[in-house]
1. Between Lys101 and Lys83, what length comes free when the chain is fully extended (0.36 nm per residue of separation minus the Cα-Cα distance, one decimal in nm)?
2. For Gln93, what charge total do you get from the other residues with a beta carbon under 11 Å from its beta carbon, if Lys and Arg give +1 and Asp and Glu give -1?
3. Per-residue ellipticity at 222 nm for the chain, helices alone: DSSP H runs ≥ 4 residues times -39500 (n - 2.57), over residue total, nearest 500 deg cm²/dmol?
4. Find how many whole Å separate the alpha carbon centroid of region 8-42 from the alpha carbon centroid of region 90-104.
5. Any chance you could run the full-extension gain for Leu52 through Ala22? It's 0.36 nm times the residue separation minus the Cα-Cα distance, nm to one decimal.
6. Evaluate the Kirkwood expression for the hydrodynamic radius of region 6-56, namely the inverse of the mean inverse distance over all pairs of different C-alpha atoms, and round to one decimal in Å.
7. Given R₀ = 25 Å, FRET efficiency for Arg15-Thr37 by Cβ-Cβ distance, to 0.05?
8. Any number yet on Rg/Rh for the chain, C-alpha, Kirkwood?
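A short reminder: the numbers here are calculations on the coordinates, not readings from a lab. The model shown is predicted, which means the values in this text are computed figures rather than measured ones. Methodologically, a virtual Cβ is constructed for each residue, glycine included, from the backbone with ideal geometry; neighbour enumeration extends over all protein chains shown.
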Amino acid sequence: MTDNNIWYLPGPFHRYEDDVKAIAKKEGLIIIDANVTEDRGGEVEKPPKAKLKPEFRPASKAPTADPREKLKIEELHDALTKKGVTFDSNADQPTLLQLLKDQD
């Protein structure tokens, strides 16, 4: 048996989808909050996978494919009017956005 039986995982542990404490126990590992120590002595070679719950995942910093998708209805009305496109003034945002995209 190896001495590398420590699983360094950033806490708090309730942020994970699975019960990481139970996983560590089942695997014979000691779980340590990686945020409280820089030392990684005894770290297990292949730590178990742990997935954060959606509400704790970092927000995506990737830009949206089309910045027009963030336009408000009034802005879409203005853009379509400038392009001379007729549209239903009661149309919803996705419909207006598609009309604008169709003009490209």
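1. Details: separation 18, 0.36 × 18 = 6.48 nm, distance 1.14 nm.
Taking 0.36 nm per residue and subtracting the Cα distance, the gain is 5.3 nm.
2. Details: positive: Arg68, Lys70, Lys72; negative: Glu69, Glu74, Glu75, Asp92.
Charge balance near Gln93 sits at -1.
3. Numbers: 3 runs with 28 residues, N = 104.
Result for the chain, helices only: -7500 deg cm²/dmol.
4. The two parts, judged by their Cα centres, are 48 Å apart.
5. Values: separation 30, 0.36 × 30 = 10.80 nm, distance 1.56 nm.
Stretched fully, the Leu52-Ala22 segment lengthens by 9.2 nm.
6. Details: mean 1/r = 0.0891 Å⁻¹.
In region 6-56 this quantity evaluates to 11.2 Å.
7. Numbers: r = 18 Å, r/R0 = 0.73.
Approximately 0.85, to the nearest 0.05.
8. Working: Rg = 25.0 Å, Rh = 18.1 Å.
Result for the chain is an Rg/Rh of 1.38.
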